[in-house]
Amino acid sequence: MLDKRLVVDLASKCLTAILALVPPKPRQVCFISSPDLSDNAWAFFRYLAKHASHEVEWIWLVANIQASREKLLEMHGTERNVRIARKRTLKGLFLFLRSKYTFHTHGHYYFFRGSKTRTIVNLWHGMPLKTIELLDLRARRTPFYSDYAISTSAFFQKVIAQAFGVPDSRVLISGLPRNDALRVKRPIPRYLELPEHTRVAVWMPTFRRSFFGDVRADSKSDVITSDLLKAVDDLLGDTHTVCILKLHPMDHLNGYLNETFENIRVLRAADDNGKHDYYEELLAAADCLVTDFSSVFIDFALTRRPIGFYIPDRDRYVRGFIDDVLKNVGFPGARLSTAVEIANFMAGDLSTEIPASSFECMHANADMEACKTLHTSLVQRGHLTEIV
């Protein structure tokens, strides 16, 4: 049986020889995200598309072409100069190789190990609290190649550099493009059909067991149960508060949690087929956030609104945490352990402030415009000059 590393090494060498014969297009820019057309890649794509001063061919490599095309038309308004292709096809690989720039949130082609004529930027999907990539001893693989990565602060610059095996100088302190949407509080999204003055509590737990992608079990039990939700639902009854429970796209609960509630709206991965931008539409409108080990709290901290942590399985969570992050950032918010405490926090009865030391570790500048800063940083290094 062939060793996987030998196969990857052989594929990488073959690809290097091909790249010498297939030059990239200077004005072709590729984006890859999971879910399709989402997260930091989607935010930065929209920024570049708005500010490009030349004709650019934008490439999106996706899993679902039809859903991606629908979202592109609905939220971007046009398909002009945008090509959508399935990532796991020869066409997708060809478009990737022909792109001078690629921006990704979850990786690209594992066997691609770099090229002097192409630039790969790792936008990732949040500053990590949990161990990832080289910091995750269970990962057992080399990270996807990238020329640059990004971070929200000097503290996380070092964490990201260690996780992805890149020099500190190649981790740009730009902030996360998706977080530009959190700079201003927004009205409640219309599709939720909530009364205008409803208090909105967003609950965004990370997955304990995943059912696609990096399939894994990080905890011995689910913490979001029907009994817990029914209890919180009842307690929210007279508070004029609605909880929006947004499940992680990889959470196996997407296929099991089917109950309906009076004061809790459960948003599953399949409910909108990727059409809504939950950062822009939910977090920007939220009056408070409840979460756990998810890095979403680092983003939400920019709003200076209350954050609560419900983590009943901390001692049973086996994935592991980054020690420096736990020590310097921690869980800067209210600790919630019962349905009563969760409901009271959501209704605004419990609140804590983020310690200044934690905030400084999370964010270099609360007013940073991430897309603009990232764009400027890359241009200063001689990149993207063909399209601006």
Worksheet item: aspartates and glutamates within cross-link reach of Lys25: Cα-Cα under 14 Å, excluding same-chain residues under 8 positions apart?
Response: Glu55, Glu57, Glu386
Practice prompt. Give, in nm to one decimal, the length gained when the segment between His197 and Ala231 is fully stretched (0.36 nm per residue of separation minus the Cα-Cα distance).
Written response: 9.9 nm
Discussion item. If I model a spin label as a point 7 Å beyond the Cα along the Cα-Cβ vector, how far apart are those points for Lys116 and Leu326 in nm?
Written reply: 4.5
Practice prompt. Work out the count of Lys pairs in the stretch 76-192 where the Cα-Cα distance is under 20 Å, with the pair 8 or more places apart or on different chains.
Written response: 4
Item to complete: For the stretch 261-388, just the Cα set please: Rg and Dmax, both in angstrom.
Response: 17.8, 56
Item to complete: Show me 85-92, 171-178, 333-340 ranked by packing, highest mean number of other Cβ atoms within 10 Å first.
Response: 171-178, 333-340, 85-92
Worksheet entry | 0 to 90° range, to nearest 10: angle between helix 226-235 axis and the chain longest Cα axis | 60
Fill in: Crossing angle, helix 39-51 versus the chain [Cα axis fit, 0-90 degrees, rounded to tens]
60
Worksheet item: Binning every alpha carbon pair distance of the chain at 20 Å from zero, what are the percents per bin?
Response: 27, 58, 14, 0
Fill in: 222 nm mean residue ellipticity, helices alone, for the chain (DSSP H n ≥ 4; -39,500 (n - 2.57); rounded to 500)
-7500 deg cm²/dmol
Worksheet item: How large is ³J(HN,Hα), in whole Hz, for each residue of the stretch 296-301 in order, when computed from phi with the Karplus curve 6.51 cos²θ - 1.76 cosθ + 1.60 and θ = phi - 60°, using x for Gly and Pro?
Response: 4, 5, 5, 5, 5, 4
Discussion item. Defining a contact as two alpha carbons under 8 Å apart and six or more residues distant in sequence, what relative contact order in percent does the chain show?
Written reply: 18
Worksheet item: Expressed as an acute angle from 0 to 90° and rounded to the nearest 10, what is the orientation of the C-alpha long axis of helix 370-380 relative to the principal long axis of the chain?
Response: 20
Worksheet item: Mind checking Rg over Rh on the stretch 49-192, alpha carbons, Kirkwood formula for Rh?
Response: 0.98
Worksheet item: In the Gaussian network model of the chain, springs joining C-alpha atoms below 10 Å, which of Pro195, Pro249, Pro312 carries the largest mean-square fluctuation?
Response: Pro195
Worksheet item: In the stretch 32-80, what GluC sites (Glu not before Pro) fall in a loop by DSSP, with at most 13 other Cβ atoms inside 10 Å?
Response: Glu55, Glu79
Worksheet item: Amide H to amide H under 5 Å from Leu350: which residues, 5+ apart in sequence or cross-chain, H placed 1.01 Å off N in plane?
Response: Phe345
Practice prompt. Take the chain, connect every pair of alpha-carbon atoms lying under 10 Å apart with a spring to form a Gaussian network, then pick out the residue of Phe94, Phe112, Phe155 with the largest mean-square fluctuation.
Written response: Phe94
Discussion item. What number comes out for accessible area per residue over the chain if the probe is 1.4 Å? Units Å², please.
Written reply: 47
Response to the item:
Per residue, the convex hull enclosing the Cα atoms of the stretch 274-332 spans a volume in Å³ of 108
Practice prompt. List the residues whose amide H sits under 5 Å from the amide H of Lys100, counting only those 5 or more places along or on another chain, with H placed 1.01 Å from N in the peptide plane.
Written response: Lys25, Gln28
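The values are calculated or read from the model by the stated rules, or taken from the named source; none is laboratory data. This is a predicted model, so every value here is computed, not measured. Cβ atoms come from the backbone with ideal geometry, glycine included; neighbour counts cover every protein chain shown. The protein model used for the area step is the full one, side chains on, heavy atoms only, and it has no ligands, DNA or RNA in it. Shrake-Rupley method; radii C 1.70, N 1.55, O 1.52, S 1.80 Å.
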